[in-house]
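What follows draws every value from the coordinates through simple rules; no lab data is involved. For clarity, every value in this text was computed on a predicted model and none was experimentally measured. We place every Cβ from the backbone using ideal geometry, glycine too, and count neighbours over all the protein chains shown.
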Ligand SMILES: [Zn+2]
């Protein structure tokens, strides 16, 4: 039969064939949608700890009902992150777990649901965070439930880690993510798929954020124009230099995305600043771009420059470990005649951390849709069953 062998399964329950597995999830599509809806309707902006803690409190018993052992990692500045361990009582006790990674914080402030309600229209489920990445969390719950139903228990240990602060840099959760990854055989990240064809992500750019502050000398623009040294003029010249650091062919992009400065039109500005987003394709590009930003020199000797920030996430590079996880995923998809594609993307995720440590990582296993972080964010409902099948298959073959 076409079902895969799971020699360490504790029961002799018959292994469902792949088309039956797909049917299993298709029959439960409505339940999966309901789970996603429940999660979307608990708003959880990264910067609102009580809200993020509420979704953790909602999820913990759901995982406990599946036999997971939950542990809250408390944070005072951010929401708490939730770790769930599924241990296997018999057999494979020594094998390393697979780590399922995600986040339940979103970029949407409280109250967004009023203008952007969670609703179904034309086969799509809309709502804040539905794609990035509450559907991914729902997939974790339903895939684990299915594998347990098929085999009596999970074929191997599984760790789930859902973080509270991914959208704002993962400052409170990063060390925990890295510690868990270190103990794991591989990492499956439930961030959204790439594009409407549902590609998984085998490479991600590294991400950095910098701030350039310029201090000039204020003066009355009318009475003493010669005495001032404009921070705004200096910043404008610096921005032109920074823009030249772009090297799209090499996969390096630098974007001064926010500028601020000055107080009034009749004052020569004493202060100005720029927030700069940096993306790199390869880890070895990090030090070069960092050095270039730090060695900017003022054009006007009376102005002072101060640059802060760093490369926060190194790139997720397509290592041999990443490629072998993708190969496995493609094989699983092939069982239901699905040609699963891979993609390299510019955005970073916590998968950058784990891949950067050399742990095999496959990202983009979550929902399929469009509009992450935007008012039209949605997932394609009919994609949910095969995404769940893929994740279940990856858990089984970990
Ligand atoms: Zn995300």
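The figures follow:
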quantity: In nm, spacing of pseudo-spin labels at residue 300 and residue 65 (7 Å Cα→C-beta vector); calculated: 6.4
quantity: Efficiency of FRET from Cβ geometry, residue 339 and residue 17, R₀ 22 Å, rounded to 0.05; calculated: 0.65
quantity: Segment residue 239-residue 323, length gained on full extension (0.36 nm per residue, minus Cα span); calculated: 26.4 nm
quantity: Acute angle (nearest 10 degrees) that the helix 29-40 long axis makes with the longest principal axis of the chain, alpha-carbon atoms; calculated: 30
quantity: Pairwise label distance in nanometres, residue 266 with residue 120, each label 7 Å out on the Cα-Cβ vector; calculated: 6.3
quantity: Directionally averaged shadow of the stretch 179-324, computed from the convex hull of its alpha-carbon atoms, nm²; calculated: 11.9
quantity: Distance from the stretch 53-121 to the stretch 303-324 (C-alpha centre basis), Å; calculated: 26
quantity: Scaled radius of gyration (Cα, divided by 2.2 N^0.38 Å) that the chain gives; calculated: 1.12
quantity: Contact order normalised by residue count of the stretch 255-325, Cα under 8 Å, 6+ apart, percent; calculated: 26
quantity: Paramagnetic reach from residue 26 in the stretch 355-398 [backbone N under 17 Å; point 7 Å along Cα→Cβ]; calculated: 381-390
quantity: D (Stokes-Einstein, µm²/s), Kirkwood Cα radius, the stretch 108-241, 0.692 mPa s at 37 °C; calculated: 162
quantity: Sequence of 150, 338 once ranked by neighbouring C-beta atoms within 10 Å, starting from the fewest; calculated: 338, 150
quantity: Normalised alpha carbon radius of gyration of the stretch 112-179 [divisor 2.2 N^0.38 Å]; calculated: 1.46
quantity: Taking 373, 151, 142 and counting other C-beta atoms within 10 Å, the order from fewest to most; calculated: 373, 151, 142
quantity: Spin-label pair residue 370/residue 284, simplified geometry with 7 Å Cα→Cβ offset, distance in nm; calculated: 3.9
